[in-house]
Amino acid sequence: MTAHISIAPPRRVSDPGAPRIRPDVAVALAAAAGVAAAVALTTTGDWGRVAVYGAALVVGELLVVELTDGSTLPLSFAVLVPLVAGAALGPATLATVGAAVTAAVLARHSPLLIRAATVGGRGLAVALAWAAFTGVEHLAGRGGRPAALLPAMAAAAVILAVVLAERRLRGLGSFHAARGDAAFFAVAASGVLMAIGAIGVAGRGGMGLWSLVVFAVPALSARWAFGRLHAIRRTYDQTIDVLSVVPEMAGRVRPGHSRRVAEVSVSTGRMLGLSKHALEDLERAALLHALGSVTFDDRPEPGTPRGPREVAGATVGVLADEHHLSRPASLVAGMAGNEVDLDEEERLAAGALAAAASFEEVAGGDPSRARVALATTIQAGGSGSGLGDRRVLTALARVVTQRSIVGHRARS
Amino acid sequence: MRPSQRWYLAAVTATAGVVATFIARAGIPNMEAFATFALVAMGAELISVRLPNGATASALMVPVIAAIYALGVGGAYWAGGLVAGFGGLYLFDLRDRRFDRVVFNAAMYVLAGAGAAGVFAALDPAAHPSVPRFLLATVPAGLTFLAINVALLVPMLALDQGRPRREFLASLSPFHVQYIPFAVIGTGLGWVYLVTGPLIIPFAVAPVLVARQTFRSYLALREAHEETLRTLVRTLERKDPYTAGHVERVARYARYIGEELGLSELRQERLRYAALMHDVGKLVVANELLRKPDRLTAEEYERVRLHEAVSVELLRRIDFLRPIATSASPRYARYDARGAADPIEPYVIVVADAYDAMTSTRPYRRALAQRVAFSELRKHAGTQFHPACVEALTRALDRREERHGHGHEQEVVAFEFDPPVRGPGSAGLGDLAPAHSTTRVPEPHS
């Protein structure tokens, strides 16, 4: 059975650690933009168009898509495509872009240099996209309806390239990672739709400025879907973090223990070349590996063992029934040397977890004990569990010697 | 398939057959547009996403509205009724020979699409063509499509799964702002299609595909988060088996109260997460104290009460729950201490927690009767408890005819020693309170 149930409304959670725009400024600018758009949509003159594009750019700068690497992509890039497609690159267009983008970036909490670079980047994107648009339009000539799409596509491609280059220059994630982020394609496709909708083909059939409103919807949908995804991801990660600090609050491990084990094991796993998914499972396993310890009695029966194997067993007991946590549970079991069916990558991950836990057991977050902790871990290498793999121990040694990872404090 | 489902399927199919016949007799005005959007409709269904309630979500409305726009008033019924009908031809169902589903879905979409086309034609935007006029016709048409879709689907889901219709209606509510974007995108797609032809389709499909993939990731993460919460509950119950089922019951009562108070879907979700996590601080309390089958000493009492502060601190570490972190502490969320300050969620959870504490059997006393629990909640409404929350809970339980407490317990742990009915630590009225107090409502140590 099917139903046309779309995604629920966007659910933004507050992120007080990283405010991008002051709410009062954002509201004021958005309100001004809305008024300008409302007035201009009923105006046919050049100034009406300038006002609408300016308003759309401001709103687009204020509304950003959260990307998977934590950086953001403003929706204004979609508006740039119809802007260069619908107007000759005259002074009015340049003034629009300059004023709108400047107004928007001034509202940001970022260094002055970054704001200036942002304005410059937008100007460069517009200039190059306009060149691409007019060049392809000239080349495509009278190619009919299919060819009419090419200039807008070229403009969108150039804008995308400028965005990626700017991100790379500013160190906002790698080019490779950004290139694969679907949000870029959604924004670029919206830009092409806006351009075609605005100007039509050969000057006929366009819906004019309404195109910005109608085809902003796909870009806004992408923003909304990504926003919701990041909200639940943040809630999920923070819930795992909460569970990771419970054993230390209960006095079962040292403060910051699970976080340090997670950082050392993930660094080791990365050194071993584990995949992104394996690293995510490894981090969750490390954060939760001591959770089972809180189920133990404070005053156990005499002779009741309380070693890592027992803690791991108790942790596996509370994790293993869940589908998404079954792999972390397997890694915890493998870490303790329990019989568990693991593939090669999981064996390495379990080894990294065992090595990190062993290292942390001795180092305890004290940098001065790092060498002793490493030596103890390597010495224990032949004693069973995943610690016996030389590749794991070599990776741990490189992590410890190359990075100062032993000084992490407990997180309050 | 049950007999009632067969009859329902037959009725929907017959009606759709009659409607489709009338539509087909009118003749098709634009075969290229019809074929294009029929294919897009099938594609939209093919990449639909399965929802937790068993239904699936797709963007079928986009090609349906686009076709209605592109074929105009003259071809609207072809566009709406028959393009939508193609959406029902779900290839995976055809592969698995689930012909009953295929027939039902196709019939349902024919009727929904025909209804949408009827609204579009009635509003006749072509009389004064402009983008706003078309939007004012296509958006109501899209909402009509959804309304008919849900109205026909809910009875089938209810018959199929043997659950009340209202459960499905709540999640498939058609008149929601979130559906309007699909109608707007459909209108735009229809417009640019007439200008450029089928080549524009991929540009409209790309953002929808991205949103769909992102939504799938969202559902997977949400499920992972639910599993993490279940892990928390399981860990709690291993520490304190006598409270088995407690946090889930508190979450359920909190939902009842939230529904009575008309909280939004977002706030209900936040309420649920907070209810499931309100006892997380107990994980740092010694098992011996949690399981003590006797009255706690004053020192032990303070050590146990520490879990509330720990819970509040841990909930504050989660952005989504930070605004209602005080839910974990009856001391912070006393009504007379803070008044009717927003948000109401902490008061909701405190009432739900207290009710479950009173109506559950614990090592130190037997469960109270429901009427006693209601009476105590009302007695302390306006001081310890938020009056609206108390009233909402009693109303919701009465309406559902749910009975809890003495004589109605569903989960009773096998105690080593039977808990007392009265006496020290008994009667629920002073679970953790000093020895002389037997009349206070428990501040729920649950």
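The values are calculated or read from the model by the stated rules, or taken from the named source; none is laboratory data. What you see is a predicted model, and the numbers here were worked out from it, not measured in a lab. Methodologically, a virtual Cβ is constructed for each residue, glycine included, from the backbone with ideal geometry; neighbour enumeration extends over all protein chains shown.
Of all residues in region A:208-231, those that are outside any helix (DSSP H, G or I) and surrounded by 24 or more Cβ atoms within 10 Å (Cβ to Cβ) total 2.
How many residues are among the hydrophobic types (A, V, I, L, M, F, W, C) and over 30 Å from A:Ser293 (Cβ atoms) if we restrict to region B:200-253? Spell out how you get there, then give the answer.
So in region B:200-253, the residues among the hydrophobic types (A, V, I, L, M, F, W, C) come out as B:200-201, B:203-206, B:208-211, B:215, B:219-221, B:224, B:229, B:232-233, B:236, B:244, B:247, B:250-251.
Then drop every residue that is not over 30 Å from A:Ser293 (Cβ atoms), which leaves B:200-201, B:203-206, B:208-211, B:215, B:219.
Summing the residues that are among the hydrophobic types (A, V, I, L, M, F, W, C) and over 30 Å from A:Ser293 (Cβ atoms) in region B:200-253 gives 12.
Please find, within region B:264-283, the residue that is surrounded by the most Cβ atoms within 10 Å (Cβ to Cβ) out of those that are outside any helix (DSSP H, G or I) and touching a residue at least 40 places away in the same chain (Cβ under 8 Å). Among them, the one singled out is B:His278. The set of residues from region B:95-107 being away from chain A (no Cβ under 11 Å), surrounded by fewer than 24 Cβ atoms within 10 Å (Cβ to Cβ) and in contact with a helix residue (DSSP H, G or I) (Cβ under 6 Å, 6 or more places away or on another chain) comprises just one member, B:Val103. The residues in region B:121-157 that are loosely packed, with under 15 Cβ neighbours inside 10 Å, assigned to a helix (DSSP H, G or I) and either polar (S, T, N, Q) or within 11 Å of chain A (Cβ to nearest Cβ) (or both) can be counted, and the count is 1. Test A:Arg115 against the criterion of being at pLDDT 75 or above and either on the phi > 0 side of the Ramachandran plot or touching a helix residue (DSSP H, G or I) at 6+ places or on another chain (Cβ under 6 Å) (or both), and give yes or no. It is false that A:Arg115 is at pLDDT 75 or above and either on the phi > 0 side of the Ramachandran plot or touching a helix residue (DSSP H, G or I) at 6+ places or on another chain (Cβ under 6 Å) (or both). Against the definition (free of Cβ contacts under 8 Å to residues at least 60 places away in the same chain, surrounded by fewer than 21 Cβ atoms within 10 Å (Cβ to Cβ) and among the β-branched types (Val, Ile, Thr)), how does B:Thr297 come out, yes or no? Yes. On the stretch given as region B:249-263, residues that are over 14 Å from B:Ala352 (Cα atoms) and surrounded by 18 or more Cβ atoms within 10 Å (Cβ to Cβ) total 1.
Assessment of region B:251-262 against the conditions (within 30 Å of A:Asp298 (Cβ to Cβ), more than 7 Å from every other protein chain (Cβ to nearest Cβ) and either part of a helix (DSSP H, G or I) or of a type outside the set (D, E, K, R) (or both)) yields at least one matching residue. Is it true that some residue in region B:232-253 is closer than 24 Å to A:Thr68 by Cα and not charged (D, E, K, R)? No - not one qualifying residue is present in region B:232-253. Residues that are facing chain A (nearest Cβ under 7 Å), within 23 Å of the chain's Cα centre (by Cα) and not hydroxyl-bearing (Ser, Thr, Tyr) within region B:184-223 comprise B:Ala211, B:Gln213, B:Phe215, B:Leu221, B:Arg222, B:Glu223, listed in sequence order.
Report the residue count in region B:47-90 for those that are within 21 Å of B:Pro202 (Cα to Cα), within 11 Å of chain A (Cβ to nearest Cβ) and surrounded by fewer than 24 Cβ atoms within 10 Å (Cβ to Cβ). Result for region B:47-90: 4.
Restricting B:Glu288, B:Glu300, B:Glu308 to those that are over 13 Å from A:Met249 (Cβ atoms), within 32 Å of the chain's Cα centre (by Cα) and not in a loop (DSSP other than H, G, I, E, B) reduces the list to B:Glu308.
Residues are listed down the side, and each one gets a yes or a no for (1) of a type in the set (A, V, I, L, M, F, W, C); (2) assigned to a helix (DSSP H, G or I); (3) modelled with pLDDT under 85; (4) closer than 23 Å to A:Arg254 by Cβ:
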| residue | (1), (2), (3), (4) |
| --- | --- |
| A:Pro328 | no, yes, no, yes |
| A:Gly337 | no, no, yes, yes |
| A:Glu346 | no, yes, no, no |
| A:Ala350 | yes, yes, no, yes |
| A:Ala370 | yes, yes, yes, yes |
| A:Ile378 | yes, yes, yes, yes |
| A:Leu396 | yes, yes, no, yes |
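Okay, residues lined up against (1) farther than 27 Å from B:Lys239 by Cα; (2) among the aliphatic types (A, V, I, L, M); (3) modelled with pLDDT under 85:
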{"position": "B:Val312", "(1), (2), (3)": "no, yes, no"}
{"position": "B:Ala337", "(1), (2), (3)": "yes, yes, yes"}
{"position": "B:Tyr355", "(1), (2), (3)": "no, no, no"}
{"position": "B:Leu377", "(1), (2), (3)": "yes, yes, no"}
{"position": "B:Phe385", "(1), (2), (3)": "yes, no, no"}
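Of all residues in region B:199-212, those that are under 11 Å from A:Phe185 (Cα atoms) have Cβ atoms under 6 Å from Cβ atoms of residues that are surrounded by fewer than 24 Cβ atoms within 10 Å (Cβ to Cβ) and of a type outside the set (Gly, Ala, Ser), 6 or more apart or on another chain, in B:Ala206/A:Phe185.
Is one or more of the residues making up region A:298-313 more than 14 Å from chain B (Cβ to nearest Cβ), in contact with a helix residue (DSSP H, G or I) (Cβ under 7 Å, 6 or more places away or on another chain), within 21 Å of A:Arg391 (Cα to Cα) and in contact (Cβ under 8 Å) with a residue 24 or more places away in the chain? No: zero hits. Against the definition (small (Gly, Ala, Ser) and buried (at least 16 other Cβ atoms within 10 Å of the Cβ)), how does B:Ala309 come out, yes or no? It is false that B:Ala309 is small (Gly, Ala, Ser) and buried (at least 16 other Cβ atoms within 10 Å of the Cβ). For region A:232-278, the candidate set comprises residues that are assigned to a loop (DSSP other than H, G, I, E, B) and either β-branched (Val, Ile, Thr) or crowded, with 18+ Cβ neighbours inside 10 Å (or both); within that set, the residue that is nearest to the other protein chains (Cβ to nearest Cβ) is A:Ala250.
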